[in-house]
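A quick write-up on the structure given underneath.
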Amino acid sequence: MCGRRVRGLGLALLIGFVALPAQAQDARLCLSGSNTVGQKLAPMLVKGWAERQGWALHGESRPALDETRLTLATPRGALVVDILAHGTSTGFDALREGRCDLWMASRAVRDAEIGAAAALGRLYEQGQEHVIALDGLAVIVHPSNRLRALTVEQVRNAFAGRVRDWAQLGGTPGPIVLHARDDRSGTYDTFRALVMGDVALSGAATRYESTAQLAAAVAADPRAIGFVGLAGVDGARALALSERGTVPLAPDALSVATEDYVLARRLFLYSRERPRAEVQALLDFVLGPGGQAVVEQVGFVPQDIRALAQRAPDNAEYRALVAGARRLSLNFRFGEGAAVLDNKAVEDIERLARFMRAPAQAGHELLLIGFADRSESTPLEALSLSNDRVDLVAAELRAEGLRVARQRGLGQIAPVASNDNAEGRLRNRRVEVWIRPIAAPR
């Protein structure tokens, strides 16, 4: 598949990179963009990549706020890696203008950006758009706050200034103190898209370029509320969130990995078409097992697949279908009315194949359960669409030699997000993957 071809090319390029003549000195590599990615994750990924190659970390410095410079000693000389974490939008400009090699983003590329950067290739395609980790945008409060869950609407009203006292949300009376990321942040872009919509953020909110500073401010004030990436919760506490028609979910390993958590998001690296050898080699490491181990170490959710416990579904038919099975930590999602796998899903087919071929999964089989959203025409047509999606995934998995014991579309039941917006409808159009032991023949 395409993902294997790209990674294979990257390995060849890495070999060529290591073998370059020694006189080529002080090569440079630059990552620019998201503070969520660049603050901790990107430096740790670069260090992990260097360690995997047997390269020494010769120096580490902070040239400016939210900037990291790593100097690596390689067989061809020094490789200087600059990580500039000033917000997602700044990284797009740096990539487009040729000032950096990789754009760190905590949101997907926009249509306008794809057009503006056409000279770089097609940023939305698999070889240039790289999902490197999953994250849950956590709404955080002081640990002493007695609230455990809010609706997205309640969070929106608080950050819009429509609700100004905790008592209005069921909490201890007192003013609500707002903390938010700055306008250049992909974290703020995601919060605005998934929570605020067309509603303006209150001017009373204190704004931050740094995730760590925002979390520290919330952790120090019992009246505070803010939002950060999952790895940035630190001393604060994340609330469970729900939308209309769904149950509250806290950001955890399963809800974020499956992207069922209402504020789950993907973290990206974007590259130009046919990146330089050392850039491709870094991407190969990040997307592989070594890089995903670093992702988990830093506190984000990796894309390696695990079987996790989940409470029994409320719907009787759904519950019967998955009886005796465990949920796997991925979902396949689709566009409206479409049966086309996105970039992450294509990679996930390969990840799932590797997972199922491991000795620990011997004697197990897969169950696929599909869902539609309530905007997809009539319930009968939605049921048909959910079956089409399940059939597509099943065909891809069987082509990899995997055993799919059951595939069933359940239509519009069991939404994990509101059907009132495009993001929610996308989350509800999904195929879940479950695993169970193969029953002994009777």
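Read the figures in this text as sums done on the coordinates, not as results from a lab. These numbers were taken from a predicted model, which means no experiment stands behind them. Virtual Cβ from ideal backbone geometry, glycine too; neighbours counted across all protein chains shown.
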For the range 73-154, which trypsin sites (Lys or Arg not before Pro) are in a loop by DSSP, counting at most 10 other Cβ atoms within 10 Å? ARG146
Convert each backbone phi in the range 174-187 into a coupling constant with the Karplus relation 6.51 cos²θ - 1.76 cosθ + 1.60 (shift: θ = phi - 60°), then list the ³J(HN,Hα) values in order as whole Hz, x for Gly and Pro. x, x, 8, 9, 9, 10, 9, 6, 7, 5, 8, 7, x, 4
The long-range amide H neighbours of ARG276, using H built 1.01 Å from N in the peptide plane and a cut-off of under 5 Å, are none
Relative contact order, percent, of the chain when contacts are C-alpha pairs under 8 Å separated by at least 6 residues? 17
If you work out volume of the Cα convex hull per residue in Å³ from the coordinates, which of (i) 135; (ii) 166; (iii) 151 do you get? (iii)
Which order do the peptides 35-44, 392-401, 406-415 come out in when sorted by mean C-beta neighbours inside 10 angstrom, highest first? 35-44, 406-415, 392-401
Regarding the range 314-415, what's the average projected area of the Cα-atom convex hull, expressed in nm²? 6.5
Residue by residue through the range 300-311, what is 3J(HN,Hα) from phi via Karplus (6.51 cos²θ - 1.76 cosθ + 1.60, θ = phi - 60°)? Round to whole Hz and write x for glycine and proline. 8, 9, x, 9, 5, 9, 9, 9, 10, 6, 9, 4
Please identify every one of the GluC sites (Glu not before Pro) in the range 123-215 that sits in a loop by DSSP and has no more than 12 other beta carbons within 10 Å of its own beta carbon. GLU125
Mean separation of Cα pairs under 8 Å and 6+ residues apart, divided by the residue count of the range 160-226: what relative contact order is that in percent? 40
Using the Karplus equation 6.51 cos²θ - 1.76 cosθ + 1.60 (θ = phi - 60°), what ³J(HN,Hα) coupling, rounded to whole Hz, does each residue of the range 103-112 give in order, writing x for Gly and Pro? 9, 8, 9, 10, 8, 6, 4, 8, 4, 5
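Which order do peptides 269-276, 180-187, 300-307 fall in by mean Cβ count within 10 Å, highest first? Walk me through the numbers on the way to the answer.
Values: 269-276: 19.0, 180-187: 22.6, 300-307: 20.5.
Averaged packing, sorted descending, gives the order 180-187, 300-307, 269-276.
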Please report how far the C-alpha centroid of the range 177-249 lies from that of the range 49-72, rounded to the nearest whole angstrom. 30
Amide H of ILE413 versus every other amide H placed in the peptide plane: which residues, excluding those fewer than 5 positions away on the same chain, fall under 5 Å? ALA372
Can you pull the one-decimal nm distance between simple spin-label points at ARG274 and ARG408, each 7 Å off the Cα toward Cβ? 5.1
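Take every DSSP beta bridge whose two residues both sit in the chain, then give the antiparallel share in percent to the nearest 5. Intermediate values should be presented prior to the final figure.
On the way: 48 of 70 bridges.
Of the beta bridges lying entirely in the chain, close to 70 percent run antiparallel.
Sum -39500 (n - 2.57) across every DSSP H segment of at least 4 residues in the chain, then divide by the residue count to get the 222 nm mean residue ellipticity, nearest 500.
Details: 14 runs with 142 residues, N = 442.
The per-residue figure over the chain is -9500 deg cm²/dmol.
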Antiparallel %, DSSP beta bridges [both residues in the range 295-442], to 5: 75
Which of the GluC sites (Glu not before Pro) across the range 278-336 are loop residues per DSSP, with 13 or fewer other Cβ within 10 Å? GLU336
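Under the definition of Cα pairs under 8 Å and six or more residues apart, what whole-number percent is the relative contact order of the range 223-275?
Values: 28 pairs, mean separation 11.2, N = 53.
That works out to 21 percent.
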For VAL80, residues with placed amide H under 5 Å, excluding near neighbours: ALA27, ARG28, LEU29, LEU72
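Can you tell me how the range 287-354 classifies by the Cα gyration tensor, rounded, prolate or oblate, using a/c under 1.5 as the rounded cut? Intermediate results must be reported in sequence, preceding the final value.
Working: a/c = 2.39, a/b = 1.34, b/c = 1.78.
Verdict is oblate for the range 287-354.
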In the chain, which whole DSSP H runs stretch at least 20 Å along their own axis (Cα) and average -1.0 or higher on the Kyte-Doolittle scale? 2-18, 343-357, 379-399
